[in-house]
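Heads up, the thing below is written out as structure tokens.
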Amino acid sequence: MRALVKDGVGIFSPQGFLDAGSAGVLLTVEDIHATTKLNADMILVSLKKVVFFNRNGLDTFVKMFAKVKEKKNISVGFCDYDVKKYKAILNFYRNEVTFSLFSSQEVAHLFTAGYKNKNQNVLLYNEDKSQRSAMAIELHDGGHNPIIAQTEDEFKTKKNADNAYDVIIENTYLGQMGQNVAARVTGNAIIYTVSSFLDAEIGSIFNISYHNNSLNVGFRLFIFDAYKVVSMNVHALNFFSRLASSGAEYNATICFVGMTFEKTPTAFKETLEDAGIMFFDTMESILGDKELLSELGASSADSGLNRRVINKLTVTELPNFIDATVATIEMMTNSTAVKESAQVNPIKIEDHTDKIASSIGFYGDMDGMVVLIFPKDIAKKACQLLIGEETDDLELILDTLAELVNIVGGKVKSLLNDHKVSVNITLPRTYPDIDSLLEIAQDRKGVQVDLSFDNDKFLFFLTR
Amino acid sequence: MITNEKINNFIEKIPPAPKALQTTIMFLNNGELAKAAQIAETDLALKAYLKNIVNKPIYGFKNEVSEISQIFGILGVSSSQQTVYNYMMTLLSPKKWELFKLKESTFHELQAKLSRRWKQILEHLNINDMEIESAITLLPASIIVSEALFSDKKEDVELLRSVNNLDLNTILSRLCNVDLFDICEKIAVKWEMPLNITQIVQASSGFKPLEDSDLNLLGKWMHLLLFYELSQPVFIEAGLNDFIEFQIDYVGDIYDDFATLMEVS
């Protein structure tokens, strides 16, 4: 069984009866190994569809948690349970609960730095005062507004107030939280959150492959949210200097926001500035200034310096890319997808109205990026199998389009592998409109293919 | 990936129940065990299946039982009919399983376990009804149908499930507006199985509760029994644990009773 990663959280979803026998087969050594390699801020086991478990069954997953924490130092735990299951888990492990317990995935997401909806009003209660405080601190750090109920009665009264809170937290327990450098995407900038003392450990808690993939997929502005950094030593200084040097190849900009140098030598700041790192007092001073964003490369993720022409290998393998796209659309829609025309030129989209797009990068023996552009309604149709219901929720449609392009990427990888071409794929990106796509793809030369299914047209673009 | 045309082709290719089986079932329906055994003896494959299945440990016979008349005599009318229906299902199963890591013997093991435990449940519920006892035999048809429809799409299914937690039943119903249990119903109709059987099996999907509360209750027990068995290591290893989605809320009110009966601890 493998975890499904969404929004930085990897979820295992076992179902049925969980005891030593079943859990041992559900989670193999290979599965645990694969989990330690996942790009996730948190690993959870959902108990939503588990009707029975015993301690031996949970132990298999708890051992996996220990391995993941040892390798990646991220948060781990169980989620999606009722009060009976919550009490049973606490009872099984009593004073040795080394993992977290989140009553739902929504609650768990509040404790991840990558959570999209900040500023949530959260009512929380736990009979253990230290737990209440720990949760409040984590939520506050994550940009939410925690309201602590000091007694059960107070909690019940507040809980019954209509629409007073966005989320209510109960039956939740915080184990040791992860200390990985959490990453989130804001527009075309990637924000990493770092805290406390920055030392040699930064090398192991910073996900360098995520960073490199982000560079590959076209991100050019990386902001370190350093409000909570107390100090930095020479090992961390070297790490950030090297990071800035390697990013220079891509014309990437690295910024630090909110870093005070009260307990860090000011000479360090100069060294970092020499390496090209910029310093800002507040996040607002970057994200709120469009001109500055543009200058730093975040409004135009493609700096132009990394723009390369389609090469022979890409053209040779083009049929595989188109086959992967056609096969995926056919699989998702049960209709025949048809290639209508193909030409090599800079991306050209006649009508920008109501169109959305998604892209995925690949790198390895060859590199480049596949972009799919759909009219919004056609995207909904193409994603019907994944969405499952009628929706006009743009965020959901974009998320699902990202899943679709992820499948295309997986198929490309597999087809190229058959031809002994080894590539890895990046995380998918989505674009809510054509303007945001053009910020990264404008003037890029590539192969543009018009495709259709059920006479619904969409566009495929392969570029480097 | 899966089209209605493919489903229709699959249903069209289901052979009618062999004459010997039809006659055996007819005699069993009339309670004529000796005549049923006499006819069953003429079908060598049926004979071999019956011998193999009733000598499995779950049936608990101390000595090997080899004669059909002896088997029917020990099983009684209801369980004999149930076992003959189980054999009919195996006629649909593939020679080689591709989607699921199953062997013929493992599939028979699943049939035997479901059948015995279903009987135990019916005894617990004080239900003595031949048709209801046979209802469990249709349930594994959902596995056979999954194998038939998805075996050549294994990679696509894996790719799809690597980005979205969809079970095979949901994929099928979203693509074709028909689910695995609807196809099971069509098999049952083709084999002239009693209506009760199809109704209970449809309810056992977990998301199509019946208005008839008695039959719906049986649907709940069957859904939970299926996941109890599919949580056994051998069936998890075969990839059966998540081919359909477990509807935990559907079985909430009977779980404690089930756990006591099955001695789950």
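Computed from the coordinates by the stated procedures, all read-outs in this text should not be read as laboratory data. As the structure is a prediction and not an experimental result, all values here were calculated from the model. Please note: Cβ atoms are built from the backbone with ideal geometry, for glycine as well, and neighbour counts cover all protein chains shown.
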Per-pair calculated FRET efficiency, R0 = 56 Å: A:GLU395 and B:ASN30 via Cβ, rounded to 0.05: 0.35
Between rounded, prolate and oblate, where does segment B:207-265 land on the alpha carbon gyration tensor, with a ≥ b ≥ c its root eigenvalues, rounded for a/c under 1.5, else prolate if a/b exceeds b/c? oblate
Once the Cα atoms of helix A:318-333 and of chain A are each reduced to a long axis, what angle between those two axes, in degrees from 0 to 90 to the nearest 10, is obtained? 50
Within segment B:84-225: Cβ-based charge dipole about Cα centre, in debye rounded to nearest 20 (Lys, Arg +1; Asp, Glu -1): 440
Rounded to whole Å and sorted largest first, list the principal axis extents of the Cα atoms in chain B. 55, 41, 34
Please give the FRET efficiency for A:SER130 paired with A:THR151, using the beta carbon to beta carbon distance and R0 = 25 Å, rounded to the nearest 0.05. 0.95
At 0.890 mPa s and 25 °C, Stokes diffusion of chain A via Kirkwood alpha-carbon radius, µm² per second: 102
Rg/Rg_globular for segment B:161-265, with Rg_globular taken as 2.2 N^0.38 Å and Rg from C-alpha atoms: 1.13
List the GluC sites (Glu not before Pro) in segment A:60-131 that DSSP assigns to loop (not H, G, I, E or B) and whose Cβ has at most 12 other Cβ atoms within 10 Å. Which are they? A:GLU127
By how many degrees, between 0 and 90 and to the nearest 10, does the Cα long axis of helix A:129-141 differ from the longest principal axis of chain A? 20
Of B:ILE39, A:PRO346, B:ILE248, which is farthest along the charge dipole of the protein assembly as shown in the positive direction, counting Lys and Arg as +1 and Asp and Glu as -1 at C-beta? B:ILE39
Would you kindly give the portion of the calculated P(r) for segment B:18-101 that falls above 23 Å, as a percent of all Cα pairs? 21
Taking Lys and Arg as +1 and Asp and Glu as -1, residues besides A:ALA248 with C-beta under 14 Å from its C-beta add up to -1
At a threshold of 8 angstrom on Cα-Cα distance, excluding pairs fewer than six apart, so keeping six or more, what relative contact order does chain A reach in percent? 11
Nearby aspartates and glutamates by direct alpha-carbon distance to B:LYS119 (threshold 13 angstrom, same-chain neighbours under 8 apart not counted): B:ASP129, B:GLU131, B:GLU133
Rounded tilt (10° steps) of B:19-29 against the dominant C-alpha axis of chain B: 70
Going toward the positive end of the dipole of chain A, with +1 on Lys and Arg Cβ and -1 on Asp and Glu Cβ, which of A:HIS144, A:TYR93, A:ILE387 do you reach last? A:TYR93
Can you give the % of DSSP beta bridges in segment A:5-99 that are antiparallel, to the nearest 5? 15
Given 37 °C and 0.692 mPa s, compute D for segment A:182-296 with the Stokes-Einstein relation, Rh being the Kirkwood radius over Cα pairs; round to the nearest whole µm²/s. 232
Run the reach check for B:LYS35 against aspartates and glutamates, Cα to Cα strictly under 17 Å, same-chain hits fewer than 8 apart removed. What comes back? B:ASP43, B:GLU67
Quick one: dipole size for chain A, taken about the Cα centre, charges +1 on Lys/Arg Cβ and -1 on Asp/Glu Cβ, in debye to the nearest 20. 1260
Could you tally the net charge around A:SER104, taking each other residue with its Cβ under 11 Å from the Cβ of A:SER104, Lys/Arg +1 and Asp/Glu -1? -3
Ratio to report: Rg/Rh of segment A:312-463, with Cα atoms as the point set and Rh obtained by the Kirkwood method; give two decimals. 0.93
Going through the cross-link list A:LYS37/A:LYS420; A:LYS87/A:LYS228; B:LYS56/B:LYS103; A:LYS339/A:LYS413; B:LYS153/B:LYS186, which pairs have a Cα-Cα distance over 26 Å in this structure? A:LYS87/A:LYS228
Within 10 Å of each candidate Cβ there may be at most 14 other Cβ atoms; applying that plus a DSSP loop requirement, which trypsin sites (Lys or Arg not before Pro) in segment B:29-98 survive? B:LYS62, B:LYS95, B:LYS96
Determine the calculated [θ] at 222 nm for chain A from helices alone, applying -39500 (n - 2.57) to every DSSP H run no shorter than 4 residues and normalising by the residue count; nearest 500 deg cm²/dmol. -11500 deg cm²/dmol
Around A:VAL45 (Cβ within 13 Å, Cβ-to-Cβ, excluding A:VAL45; K/R +1, D/E -1) the net charge comes to +2
How big, on average over all directions, is the shadow cast by the Cα convex hull of segment A:357-409, in nm²? 3.5
Identify all aspartates and glutamates with a Cα-Cα distance to A:LYS69 below 18 Å; exclude those on the same chain that are fewer than 8 residues away in sequence. A:GLU30, A:ASP31, A:ASP41, A:ASP59, A:GLU96, A:GLU201
The alpha-carbon pair-distance distribution computed for segment A:1-128, with 5 angstrom bins and whole-percent values, is 2, 10, 22, 24, 21, 13, 6, 2, 0
Violations at 22 Å Cα threshold for listed pairs A:LYS49/B:LYS220; B:LYS95/B:LYS208; B:LYS6/B:LYS95; B:LYS51/B:LYS95 -> B:LYS95/B:LYS208
Could you work out, residue by residue across A:385-395, how many beta carbons of other chains sit within 10 Å of that residue's beta carbon, and then give the average as an integer? 2
